[in-house]
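Input: a single structure, listed below in structure tokens.
The values are calculated or read from the model by the stated rules, or taken from the named source; none is laboratory data. Quick caveat: nothing in here was measured; it's all calculated off a predicted structure. Please note: Cβ atoms are built from the backbone with ideal geometry, for glycine as well, and neighbour counts cover all protein chains shown.
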Amino acid sequence: MSRRAVLRDAAHWAMREDEAVLGEAPPAAAGDIQAMLDDPALADAMGQLPRLSDGDVQAMRANRRRAIGTGGALALVAAFGIGGWQAGWYRAAAPAPIHYETARGQQLDVALADGSKLHLNGATSLDVTLGADRRTVTMQRGEAYFDIAHRPDQPFTVHAEGSATRVLGTAFDIDIASGGVRIAVYRGKVRFGGDGADRHAVIVEAGWRSRFAGGQARAPTRFDATQQDWRQGWLDIDNMRLGELVDALNRRGGSRIVPPPRSLASIAVAGRFRLDNPRQLLDAMGAAYDFQVVRKGDELHLVPAREGVTPSSDR
């Protein structure tokens, strides 16, 4: 094989971008190319070059391939091929996350570039990253409804408080509550569990919901996915703790409800309720579960009735 052919083969190897090349032995001429890259003068010259845009990178790749066909591969690969790869010039810039946040009493509709739609409840914060091969949401707090566009080549994952929800195209709700992360699926199905490879993850289908707490997802339970939910001012709960109900009510705005004492926060409540009058709802629950609602300034406090506190009549 001629010297020119050897260098051409080395150039082809250097420009390959498949993972298999990582396990192959370099061709003989790769040593010559590396020697050129180790030249301090070349490193100084490359340091003076500006960072390339995506368009520049694509044009350069096309020029390199044409150069290989005419025998001019070595100079291009040595100066811009392996060296540019080592410097990170040819790697597409990581997509920047986009932050969305709502205040108490505020809701927000978001249309993503991939065709997905998000509806944020009050007091919610999350970051969206749309990459070429994956789509990711990281939730810091709150609740959001996701209607995800079906893209098999771009899986969609929502990370929230140590949990991960993995989907291709579906509709579901994620709620970060004080007792864990709750999910309800309205269309399609999702894989719900811990971050990473969780062998205890569960498949949650439409009309089912689950909770992630203590590092593990619970077995799904049924709910009626056809009924209106918090987006229309309704709350449908099953075995929710009173402390979590307070979290949900606080997202609606109005007077802040102070997190209840532990003796009340752990009370399990169930039912279907309107969200437009939190004080009225809590008064009704207090009559059933033996606590009182007391206003102190702009805040509402839940107090065990046995403490003998006279509730305020202020509504």
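Among (1) closer than 24 Å to His159 by Cα; (2) touching a Ser or Thr at 6+ places or on another chain (Cβ under 7 Å); (3) outside the structural domain of Gly196 (by TED's automatic domain parsing); (4) crowded, with 16+ Cβ neighbours inside 10 Å, where does Ala217 come up short?
Failed condition: (3).
Sort out which residues of the stretch 91-111 are touching a Lys or Arg at 6+ places or on another chain (Cβ under 8 Å) and either among the aliphatic types (A, V, I, L, M) or touching a residue at least 24 places away in the same chain (Cβ under 8 Å) (or both), and write them in order of number.
Selection gives Arg104, Gly105, Gln107, Val110, Ala111.
Just checking, does the stretch 250-265 include any residue being of a type in the set (Ser, Thr, Tyr), loosely packed, with under 15 Cβ neighbours inside 10 Å and not assigned by TED's automatic domain parsing to the domain that holds Asp173?
yes
Out of all the residues in the stretch 190-206, is one or more over 23 Å from Asp247 (Cβ atoms), of a type in the set (A, V, I, L, M, F, W, C), touching a His at 6+ places or on another chain (Cβ under 8 Å) and not assigned by TED's automatic domain parsing to the domain that holds Ala265?
Taking every residue of the stretch 190-206 in turn, none turns out to be over 23 Å from Asp247 (Cβ atoms), of a type in the set (A, V, I, L, M, F, W, C), touching a His at 6+ places or on another chain (Cβ under 8 Å) and not assigned by TED's automatic domain parsing to the domain that holds Ala265.
Would you check which residues across the stretch 146-168 are at positive phi and small (Gly, Ala, Ser) and list them?
Within the stretch 146-168, just Gly162 meets the criteria.
Do we have Gln227 as over 19 Å from Gly180 (Cβ atoms), surrounded by fewer than 20 Cβ atoms within 10 Å (Cβ to Cβ) and not aliphatic (A, V, I, L, M) here?
Yes.
Counting only residues that are farther than 25 Å from Ser266 by Cα and in contact with a Pro (Cβ under 8 Å, 6 or more places away or on another chain), give me the strands (runs of 3 or more DSSP E) lying completely in the stretch 127-204 with at least 1 of them.
Once the strands (runs of 3 or more DSSP E) in the stretch 127-204 are filtered for at least 1 residues that are farther than 25 Å from Ser266 by Cα and in contact with a Pro (Cβ under 8 Å, 6 or more places away or on another chain), what remains is 135-147, 163-167.
I need every pair where a residue in the stretch 114-134 that is on the phi > 0 side of the Ramachandran plot has its Cβ under 8 Å from the Cβ of a residue that is of a type outside the set (Ser, Thr, Tyr) and crowded, with 18+ Cβ neighbours inside 10 Å, sequence separation at least 6 or different chains.
If the second residue must be of a type outside the set (Ser, Thr, Tyr) and crowded, with 18+ Cβ neighbours inside 10 Å, the pairs left are Ala123/Gly142; Ala123/Asn250; Ala123/Arg251.
Of all residues in the stretch 180-206, count the ones that are small (Gly, Ala, Ser), buried (at least 16 other Cβ atoms within 10 Å of the Cβ) and touching a Lys or Arg at 6+ places or on another chain (Cβ under 6 Å).
3
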